[in-house]
Every structure is written in structure tokens, then in C-alpha cells.
């Protein structure tokens, strides 16, 4: 593979594209983004208009810079632009072919969406979990009060994250993923954090797809390792739940896992153990870091300082 081939690919003319800045060979407009891409794009839009095209490596990108134009794109042409760009990291274990967030709009995506709307995120399900959510909020308030009584600063972002993740993980798996006394919780946190770190790194393959086969930075390879370990944990949880469901007098936990296992028993073609694992992978990819204004695929916005509550004596 030679740079000459990449150069020739970058020089190929596309169809009608909006105006944009001049492009360098091979890298295109990557250098125009600078270290503050959102500011660079706003500045470029003043010169080239609300709709402009950039060449990011081999990837032609159209940038929308106004509410009016965004409405035109996302409402009037939603079917054309509804599919997401698949970053190379999520190709590990073919997650892009099973995860609902990455599937193109089609039969499979509509089937999963139907399951979400009719079985998982119904008003009845949400109402049934109201007590759980209330309890996690009360736990959050109790922790803040306890810290204040002893005069300790409270990291509100971390505290809110803990409450949110525990509510989510109990809804999905009926366990607290932030309970550090739990081996499973510690493993979850470790692997999810590593996955988000890998996904957040600028990846040459995302700008030069021709490099996908060799994965020069090893991002997909390392992500695959963590995916595999998470899937192993999911297998354990699924098998344990299947054994419980065989026990006479078993009372369903009414969490997402029980719901998906019931769907799997009724229609294995629609939902099976592998699809359940990929489904859970989406639900558990939450860390304090991705609660920030942060694009995880190389274009990182400025982060605010962590929000803390510092008790003072009145």
C-alpha cells in the first residue's frame, strides 16, 4: 500500500458538494480543525457558508452550521441522514452489526426499536421502576448530607453519576455497578472505562478507511479484548438468571434481562443471547467522562471544571 494510492483516492472528485476550504494532499482539511474544532468550524462557516464540505483524510464531510439548515437536513431529509457513521472501534466483535445504536435503519433496527418501545421503555415499565429511581435519589441525597455533616467536599458529578448508573444497572441487571465490594461491579467499571478511553482516541482508520485491515494504532484490537471480557461477564449473568428461572416458584425480577430472556424464549430469531449481550453493551457504556460535553471520536470540546459542593459553616 503506498501513499500515492491514498493521494489518488483523496483527489477523486465527488458529485456536487457545498463550498469549503482548499484541501491539502492526503490529509485534506484535518489540519484546519486545530485543537478547538468547534471554534475552527464556526470560523470556517463565516467564510464558506452555513453548509460547507471538508475532506477529513479520505472522508468527505458536510458541516451544517445553522439551525435553519439543520432543520432542513434532520427533518426534511431524515431518512437520508439518519444512519450513523461507524467508528472503527465499535467494529470489534461485529458490534456495529448487532448494537441498535449502530445498525442502519432497516428490518433489524425496526425490530429492536419495536422491542424497546413495546417491552422495555413502556410507561408501565417506567412506572414500575419509579420506587427504584426514588430510592437511588434518596441515596444520593443521604450521601451529600453525610459528607456535609463532616465538612467534606462533594463531587456532584461523580455522585450524580453513581446514582444514575445504579438506577440504570438495577433496571437492566438488578445489581449496583458502582458497588466496589462486588467483583462483577469492579470488572464492569474497569472494562467500560477502557472501552471509552479507546473509543475516545483519534483513530487514523476513521479518516483513512484504507488502513482498517492493519489497525495501525491497535484501537480496535484492544477494544475487542475488553468487549470479549464484558461479554464473558454478560454470559455469567445470563446463565445465572437462566438457572434461577428454572427454579420452581421463581418470581421474575422484571428487569431488562428478564424481559429479553422472555422474548428470546418466545422468538429466538428476534432475540438471542448474543443480541442480548450487544444490547447490554449499549446500556452500560456510561462513565463520568461521557457525561461531559465531549465528542468521543476525536473532536473534543472544552470541558467545564468538575462541579463540587463545598460545605461552609453558617
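Of the numbered criteria (1) closer than 22 Å to residue 257 by Cβ; (2) in contact with a helix residue (DSSP H, G or I) (Cβ under 8 Å, 6 or more places away or on another chain), the one residue 92 fails is (1). Within the range 75-93, if we keep just the residues that are surrounded by 13 or more Cβ atoms within 10 Å (Cβ to Cβ) and not in a loop (DSSP other than H, G, I, E, B), the residue that is nearest to the chain's Cα centre (by Cα) turns out to be 90. The set of residues in the range 117-151 being in contact with a helix residue (DSSP H, G or I) (Cβ under 9 Å, 6 or more places away or on another chain) and within 30 Å of residue 88 (Cβ to Cβ) consists of 120 alone.
Would you mind stating whether residue 50 is surrounded by 13 or more Cβ atoms within 10 Å (Cβ to Cβ), farther than 29 Å from residue 211 by Cα and in contact (Cβ under 8 Å) with a residue 12 or more places away in the chain? Steps first, answer last, please.
On the way: surrounded by 13 or more Cβ atoms within 10 Å (Cβ to Cβ): yes; farther than 29 Å from residue 211 by Cα: yes; in contact (Cβ under 8 Å) with a residue 12 or more places away in the chain: yes.
It is true that residue 50 is surrounded by 13 or more Cβ atoms within 10 Å (Cβ to Cβ), farther than 29 Å from residue 211 by Cα and in contact (Cβ under 8 Å) with a residue 12 or more places away in the chain.
Which one is nearest to residue 82 (Cα to Cα) among residues in the range 103-156 that are outside any strand (DSSP E or B) and in contact with a strand residue (DSSP E or B) (Cβ under 9 Å, 6 or more places away or on another chain)? So, considering only residues that are outside any strand (DSSP E or B) and in contact with a strand residue (DSSP E or B) (Cβ under 9 Å, 6 or more places away or on another chain), the one nearest to residue 82 (Cα to Cα) is 156. Residue pairs whose Cβ atoms lie under 6 Å apart, sitting 6 or more positions apart in sequence or on different chains, and linking a residue in the range 246-268 that is within 15 Å of residue 278 (Cα to Cα) to a partner that is assigned to a loop (DSSP other than H, G, I, E, B) and modelled with pLDDT of 90 or more, do not occur here.
Of the candidates 193, 181, 169, the single residue that is modelled with pLDDT under 85 and not in a helix (DSSP H, G or I) is 181. Of all residues in the range 197-210, those satisfying the criterion of being assigned to a helix (DSSP H, G or I) and either in contact (Cβ under 8 Å) with a residue 24 or more places away in the chain or under 12 Å from residue 59 (Cβ atoms) (or both) are 198, 199, 204, 205, 206, 207, 209, 210.
The values are calculated or read from the model by the stated rules, or taken from the named source; none is laboratory data. All of these numbers come straight from a predicted model, not from anything done at the bench. Neighbour counts are summed over all protein chains in view; Cβ atoms, including those assigned to glycine, are modelled from backbone coordinates with ideal geometry.
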